[in-house]
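The values are calculated or read from the model by the stated rules, or taken from the named source; none is laboratory data. As the structure is a prediction and not an experimental result, all values here were calculated from the model. Neighbour counts run over all protein chains shown; Cβ positions are idealised from the backbone, glycine included.
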Amino acid sequence: MGLTLTEKILKAHIVDGEFVKGQEIGIRIDQTLTQDATGTMAYLEFEAIGVPRVKTERSVAYIDHNTLQSGFENADDHRFIGSVAKKHGIWFSRPGNGICHQVHLERFGIPGKTLIGSDSHTPTGGGIGMIAIGAGGLDVAVAMGGGAYYITYPKIVKVNLTGKLSPWVAAKDVILEVLRRLSVKGGVGKVIEYCGEGVKTLTVPERATITNMGAELGATTSIFPSDEVTLEFLKAQDRAEVWTELRADDDAVYDETVDIDLSAIVPMAACPHSPDNVKTVAEIGKLKIDQVCIGSCTNSSFMDMMKVAYILKGKTVHPDVSLAIAPGSKQVLNMIAQNGALATMIDAGARILESACGPCIGMGQSPNSKGVSLRTFNRNFEGRSGTKDGQIYLVSPEMAALSALTGYLTDPRELGDMPKFEMPRQFVINDNMVAAPAPEEEMDKVEILRGPNIKPYPETAPLVENIECPVSLKVGDNITTDHIMPAGAKILPLRSNIPAISQHCFTVCDEDFPRRAKNLGKSIIVGGVNYGQGSSREHAALAPLYLGIKAVLVKSFARIHRANLINAGILPLTFVNEADYDKISQGDELAIENVRADIEAGKTELTVINRTKGVNIPVLCELTGRTKDIILAGGLLDYTRESLK
């Protein structure tokens with residue numbers, strides 16, 4: 001029996017555990033990446049582990065999230081990350097060099113390698129045949145120190161692509177179709193592997209758009225084969241030497257198969273407020289719009305920009321629409337500046353933003369009240385744009401550009417014949433905004449520069465014998481990390497200051513939660529299905545840790561957030577019977593007796609006693625030997641320090 005591409009790469013990197021589906025395995029990590037919103041904490045954690053120099057083949061620190069310097073905080077964090085990178089063997093992509101996933105795809109990604117990043121859209125690297133996984137910052141810190149990264153051996157879904165996209169139908173429409181079919185929780189515990197004759201019709205940037213938004217499926221990662229198309233992309237980046245041909249065996253066996261005829265795909269949009277709320281343009285109808293934003297790690301490539309420029313050429317943005325465009329990297333911005341496409345955008349009335357995440361994380365360009373904003377981004381969670389009642393639709397660059405001209409949601413196929421857009425034979429190569437680390441013999445001379453906003457990791461403690469505390473918050477289904485720990489220009493600068501940022505924890509749901517939780521001293525959160533979906537931000541676990549959360553009891557967890565809770569030493573519990581969710585109210589006093597002894601004994605079913613209502617509720621606490629030890633130790637940082645002694 002042959003192997004899937006996913007299995008081939010995982011098998012070549014496994015260092016712990018058995019190659020059995022559903023079992024936890026540890027894999028060797030070749031590369032890591034961080035971005036500045038999560039990077040400061042990741043590097044504080046790396047320092048706390050005590051390893052003097054990274055042990056990966058390549059680790060890169062990117063500055064792309066917190067680039068709006070409205071105070072000293074972001075600039076101080078950038079300076080701190082730059083000094084840590086120089087000292088500890090990490091490459092440093094300076095502000096202005098571009099979005100981490102776009103730059104990593106261009107300059108550092110290698111087919112067949114493993115990559116984890118402290119950003120949930122790290123699976124972008126699957127566009128060139130990497131196993132690229134989003135993770136919490138502490139997991140990245142451990143990998144930089146030489147530790148394995150642990151995942152549950154995934155189910156593997158074959159998405160069989162046939163045919164070819166019709167003119168003006170985009171890769172964005174392909175992943176929206178996958179989301180329409182599978183939903184935001186349909187990829188949990190799975191890797192999405194793209195195969196079939198249709199693959200060769202997609203460029204690397206198109207493949208990367210699809211793998212990028214695989215994060216919205218809840219998937220561990222997504223991956224394309226490394227083929228001649230991949231080779232041509234790497235040749236154009238002067239990196240042909242890193243290419244390897246990689247594909248699944250012809251007799252590979254998959255857990256599921258999804259068939260998609262590319263020629264049958266039509267232009268679509270994800271409607272408010274979820275990436276899987278997908279409808280065709282025809283179903284949505286003539287929707288008046290207020291704003292268009294083009295960019296983000298999903299759709300900011302050179303090819304995306306060239307299509308946008310073609311549509312805008314000689315035209316003017318509709319007077320009722322604000323159009324903002326952010327090229328994904330300095331390379332892309334340089335190239336469209338040199339070939340005139342940038343001037344075309346400016347002539348049309350576009351507002352040109354720096355090569356950074358920007359509006360995608362609520363860092364500027366918030367729409368007007370109740371404004372309808374078309375965005376080429378990957379998430380449209382309520383309030384994420386910075387406008388609480390903003391109506392955010394996720395669309396392709398082609399649809400976004402044309403709609404900016406017409407003033408309403410417009411099918412790009414109305415453009416008629418489509419010219420042939422070709423990948424450049426040679427990209428403009430200039431890595432002068434990537435700083436190399438200091439040589440190992442000079443690292444001791446490098447001073448770490450810390451600003452006053454940088455605070456230490458929250459205090460942790462080993463798991464107690466009994467947990468007895470009230471429910472400080474009860475929430476519903478599909479709670480995102482944006483609900484738990486909001487982003488945006490006001491809050492993101494506090495990412496290196498857990499005491500300060502914790503004051504914003506869950507305020508989207510309940511403005512009084514931070515004060516109530518802190519006053520209680522210790523408490524439990526209760527939630528519904530797919531709790532913690534979205535970003536990899538470990539702050540959604542660290543802020544609750546600081547506020548005294550001892551356990552989170554839900555119907556089901558999103559993968560990364562559950563791992564982050566374990567890393568923070570917070571007990572992750574799920575209902576055995578989902579109906580028992582209704583037997584708990586906010587304010588109820590709960591108890592889990594002998595919890596430490598039960599977990600030490602390997603019990604997976606515990607009992608939560610609701611003292612207020614007088615009922616016992618069975619719950620699952622499914623921990624492997626390793627995650628059990630992490631929880632007992634009080635978190636991954638304590639566990640790692642102990643294991644390195």
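Looking at the structure I just gave you, is Thr56 touching an Asp or Glu at 6+ places or on another chain (Cβ under 9 Å), modelled with pLDDT of 95 or more and not in a loop (DSSP other than H, G, I, E, B)? For Thr56, the condition - touching an Asp or Glu at 6+ places or on another chain (Cβ under 9 Å), modelled with pLDDT of 95 or more and not in a loop (DSSP other than H, G, I, E, B) - is not met. Exactly one residue among Gly587, Gly569 is surrounded by fewer than 23 Cβ atoms within 10 Å (Cβ to Cβ) and farther than 22 Å from Gly189 by Cβ, and that residue is Gly587. Regarding Asp173, is this residue within 30 Å of Ser643 (Cβ to Cβ), touching a strand residue (DSSP E or B) at 6+ places or on another chain (Cβ under 8 Å) and not in a loop (DSSP other than H, G, I, E, B)? In short, no. So, Glu414, is that one part of a loop (DSSP other than H, G, I, E, B), acidic (Asp, Glu) and surrounded by fewer than 18 Cβ atoms within 10 Å (Cβ to Cβ) or not? Against the criterion (part of a loop (DSSP other than H, G, I, E, B), acidic (Asp, Glu) and surrounded by fewer than 18 Cβ atoms within 10 Å (Cβ to Cβ)), Glu414 does not qualify. For region 298-310, filtering for residues that are closer than 15 Å to Ala404 by Cα and either of a type outside the set (A, V, I, L, M) or surrounded by 24 or more Cβ atoms within 10 Å (Cβ to Cβ) (or both) leaves 4.
For region 49-106, a tally of residues being surrounded by 20 or more Cβ atoms within 10 Å (Cβ to Cβ), among the charged types (D, E, K, R) and closer than 16 Å to Ala141 by Cα returns 2. Residues in region 371-411 that are under 23 Å from the mean Cα position of the chain (by Cα), more than 17 Å from Val278 (Cα to Cα) and surrounded by fewer than 24 Cβ atoms within 10 Å (Cβ to Cβ): Gly383, Gly386, Thr387, Lys388. The residues of region 248-264 that are more than 17 Å from Val157 (Cβ to Cβ) and buried (at least 21 other Cβ atoms within 10 Å of the Cβ) amount to a single one, Leu262. Using the structure shown, decide if Thr244 is touching a residue at least 12 places away in the same chain (Cβ under 8 Å) and farther than 30 Å from Arg384 by Cβ. So Thr244 fits the description; yes. Of the strands (runs of 3 or more DSSP E) that lie entirely inside region 566-645, those containing 1 or more residues that are among the charged types (D, E, K, R) and more than 22 Å from Ser472 (Cβ to Cβ) span 605-610. Every listed requirement among (1) surrounded by fewer than 19 Cβ atoms within 10 Å (Cβ to Cβ); (2) within 26 Å of His561 (Cα to Cα) is met by Lys288 save one, (2).
For first residues located in region 313-329 and crowded, with 20+ Cβ neighbours inside 10 Å, partners that are of a type in the set (Ser, Thr, Tyr) and lie 6+ apart or on another chain with Cβ distances below 7 Å form the pairs Ala326/Ser300; Ala326/Ser355; Pro327/Ser300; Pro327/Ser355; Gly328/Ser300; Gly328/Ser301; Gly328/Ser355; Ser329/Ser355. Looking only at region 184-206, decide whether some residue is at pLDDT below 95, outside any loop (DSSP other than H, G, I, E, B) and not aliphatic (A, V, I, L, M). Taking every residue of region 184-206 in turn, none turns out to be at pLDDT below 95, outside any loop (DSSP other than H, G, I, E, B) and not aliphatic (A, V, I, L, M). When we screen Glu414, Glu447 for residues that are farther than 28 Å from His65 by Cα and modelled with pLDDT of 95 or more, the only hit is Glu414. Filtering region 442-484 to residues that are hydroxyl-bearing (Ser, Thr, Tyr) and over 25 Å from the mean Cα position of the chain (by Cα) leaves Thr460, Ser472.
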